[in-house]
Amino acid sequence: MDLTEKPVKQEYIFKGRIVRLRVDEAELPNGTHAAREVVEHPGGVCVAALTAQNELLFVEQFRYPYMELVLELPAGKLEFGEDPFEAGKRELQEETGAVAAEYQDLGKFYPTPGYCGEIIHMYLAKNLTFTAQNLDADEFLEVRRIPLEEAFEMVMRNEIRDGKTQVGILKVYQYVKAAEK
């Protein structure tokens, strides 16, 4: 069975600085039509930076939608058409002051596929050197180092709730465990 839905009509409801919202009429596999609300987002990048001491670099910052401090791996929003790898290197340096000599692609992550087209590109960064942070004018955060094993346990205890951070930690944890064998 072909499960593909085909757009029939698209109408933009909102076009903002970060996201666009549109309402589509889609033809379903059985020929009927349904409304689909879609948030267009340029995507993001997330970098799991691993120190020589097997610590991950984190940033803790206030996240307005949740009205709380959130512990996250360094990350950032892409501009439409921006190269994710270059953005990841930039975000890591800006947020933590770290520069990596080695990167590994950890794949892509769809945070909310039910209504949002955002794709987060994930990387592991190793062989770190440190320079100064270069935060945006509206960016306030603290850098923390947490041992990989402890970060893994924090995910399992639901102490880290950010999806991209959970996925990044679990992938790096598995990568390191497999390399130890």
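The values are calculated or read from the model by the stated rules, or taken from the named source; none is laboratory data. All figures in this text were calculated on a predicted structure; none of them were measured in a lab. No Cβ is skipped: glycine too gets one built from the backbone with ideal geometry, and neighbour counts run over all protein chains shown.
A few remarks follow.
This table checks each residue for (1) within 19 Å of the chain's Cα centre (by Cα); (2) modelled with pLDDT under 95; (3) not in a strand (DSSP E or B).
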site: I146; (1), (2), (3): yes, no, no
site: E150; (1), (2), (3): no, no, yes
site: V155; (1), (2), (3): yes, no, yes
site: E159; (1), (2), (3): yes, no, yes
site: I169; (1), (2), (3): yes, no, yes
site: Q174; (1), (2), (3): yes, no, yes
site: A178; (1), (2), (3): no, yes, yes
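- Selection within segment 114-137 - of a type outside the set (G, A, S) and farther than 21 Å from E82 by Cα: Y115, K126, N127, L128, T129, F130, T131, Q133
- Residue in segment 76-87 that is closer than 16 Å to V167 by Cα and either in a strand (DSSP E or B) or without any contact (Cβ under 8 Å) to a residue 12 or more places away in the chain (or both) present: yes
- Any hit, segment 48-65, residues being closer than 15 Å to G117 by Cα, among the basic types (K, R) and either modelled with pLDDT of 95 or more or assigned by TED's automatic domain parsing to the domain that holds E150 (or both): no
- Some residue of segment 148-158 being in the same structural domain as A98 (by TED's automatic domain parsing) and on the phi > 0 side of the Ramachandran plot: yes
- Applying the criterion of at least 1 residues that are touching a residue at least 40 places away in the same chain (Cβ under 8 Å) and among the hydrophobic types (A, V, I, L, M, F, W, C) to the strands (runs of 3 or more DSSP E) found wholly in segment 1-42 leaves 33-40.
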